[in-house]
Amino acid sequence: MLKVENLNKHYCSGIIRKHHVNAVKNVSFEIQKGNILGLVGNSGCGKSTVARLIMRLIEPDSGKIFLDGIDLMGLSYQKMKEQLTNIQIIFQHPESSLDPHKKILSSLLEPMEIHGIGSCKEERIAKIEELFDLVGLKNNLFTRFPHQISGGEAQRIIISRAMALNPKVLILDEPTSMLDVSIQAHVMNILKDLQKKRDMTYLFISHDLEVLSWFCDEIHVMNKGEIVERGSKDKIINDPQNPFTKELVDCFCKF
Ligand SMILES: Nc1ncnc2c1ncn2[C@@H]1O[C@H](COP(=O)(O)OP(=O)(O)OP(=O)(O)O)[C@@H](O)[C@H]1O
Ligand SMILES: [Mg+2]
């Protein structure tokens with residue numbers, strides 16, 4: 001369903017003194033339909049860069065990305081926008097994903113209108129209400145602005161907004177890292193239920209091996225821009241081979 005081949009991304013920042021980072025180096029993986037792939041690694045190892053590259057929010061230096069057989073790198077901006085019904089992303093900061101000047105309902109309806117989901121406004125609202133029900137939100141949030149809701153509510157709104165487009169693939173970039181532990185577990189359960197109900201394909205990004213081991217079928221370990229080990233979650237946790245994976249597993253086992 002989602003395949004990336006030899007993705008590379010190098011950043012160059014600074015005006016006088018240039019600072020170079022090889023954020024993503026030769027990253028390749030494939031996720032079959034209905035599977036969840038976990039991408040784990042320390043802060044700054046390039047996980048979010050991989051996510052942004054797949055969404056084409058930034059362009060790779062080289063590499064290929066295929067979504068259900070479609071070569072995303074070969075698509076024009078307009079055609080890529082059309083693909084956003086098939087692939088959606090949830091970022092780690094839910095508040096920054098909502099327009100502060102728009103009420104929640106408008107933020108939810110707008111992408112549905114753009115992508116032709118539902119035949120009229122009433123149908124779209126009914127779909128949002130159905131999703132709100134699934135994620136445990138009430139429609140009294142519709143008329144609020146983003147600064148009038150909590151982080152946990154914002155994250156569930158973002159999940160509803162992504163799901164409203166019926167994507168085949170969902171990229172979750174540390175979707176619960178900003179939430180407190182009780183809300184984290186709730187949101188993770190919601191995501192797992194939705195994945196099962198809709199037979200969706202997830203790329204789940206986290207620095208937390210415990211979360212991934214509960215959530216994913218397969219785990220890939222990333223260090224300094226590269227995937228250094230890959231395998232089933234049992235293999236990664238019980239029989240890690242790479243020294244970096246061993247370190248991660250040791251930390252995980254201490255808790
Ligand atoms: N736009 C940018 N310009 C320059 N460097 C960048 C840019 N975006 C990211 N980087 C650098 O690229 C590296 C990878 O960043 P990235 O955000 O992909 O890491 P990450 O694994 O998602 O980290 P975290 O777990 O903290 O979210 C980091 O060293 C970061 O400082
Ligand atoms: Mg990140």
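Selection of the range 211-248 for residues being crowded, with 18+ Cβ neighbours inside 10 Å and over 23 Å from the mean Cα position of the chain (by Cα) yields Pro240, Phe244.
Output yes when any residue across the range 35-48 is among the aliphatic types (A, V, I, L, M), within 14 Å of ligand 2 (Cβ to nearest atom) and in contact with a strand residue (DSSP E or B) (Cβ under 6 Å, 6 or more places away or on another chain), and no when none is.
yes
Annotation note: of Asn189, Asn166, the sole residue that is away from ligand 2 (no atom under 16 Å from the Cβ) and at positive phi is Asn166. Here Glu153 fulfils each of the conditions (1) open to solvent by 10 Å² or more (accessible area, probe 1.4 Å); (2) more than 14 Å from Gln92 (Cα to Cα) apart from (2).
Restricting attention to the range 158-182, the residues that are at pLDDT below 90, of a type outside the set (S, T, N, Q) and open to solvent by 50 Å² or more (accessible area, probe 1.4 Å) add up to 3. Selection of the range 7-31 for residues being open to solvent by 30 Å² or more (accessible area, probe 1.4 Å) and of a type in the set (A, V, I, L, M, F, W, C) yields Cys12, Ile15, Ile16, Val21.
Based on this model, can you work out whether Ser48 counts as surrounded by fewer than 14 Cβ atoms within 10 Å (Cβ to Cβ), among the small types (Gly, Ala, Ser), under 15 Å from the mean Cα position of the chain (by Cα) and within 30 Å of Val211 (Cα to Cα)? Spelling it out, it is not the case that Ser48 is surrounded by fewer than 14 Cβ atoms within 10 Å (Cβ to Cβ), among the small types (Gly, Ala, Ser), under 15 Å from the mean Cα position of the chain (by Cα) and within 30 Å of Val211 (Cα to Cα). For the criterion of being part of a helix (DSSP H, G or I) and assigned by TED's automatic domain parsing to the domain that holds Asp250, Met80 passes.
Please enumerate the residues belonging to the range 83-128 that are assigned to a loop (DSSP other than H, G, I, E, B) and over 17 Å from the mean Cα position of the chain (by Cα). Asp99, Pro100, His101, Lys102, Lys103, His115, Gly116, Ile117, Gly118, Ser119, Cys120 - these are the residues of the range 83-128 that are assigned to a loop (DSSP other than H, G, I, E, B) and over 17 Å from the mean Cα position of the chain (by Cα).
Every condition in (1) at pLDDT below 90; (2) open to solvent by 10 Å² or more (accessible area, probe 1.4 Å); (3) within 14 Å of the chain's Cα centre (by Cα) is met by Asp208 except one, and the failing one is (3).
The values are calculated or read from the model by the stated rules, or taken from the named source; none is laboratory data. Because the structure is predicted, anything quoted here is derived from the model rather than measured. Neighbour counts run over all protein chains shown; Cβ positions are idealised from the backbone, glycine included. Only protein heavy atoms, including side chains, enter the accessible area calculation; ligands, DNA and RNA are left aside. Shrake-Rupley method; radii C 1.70, N 1.55, O 1.52, S 1.80 Å.
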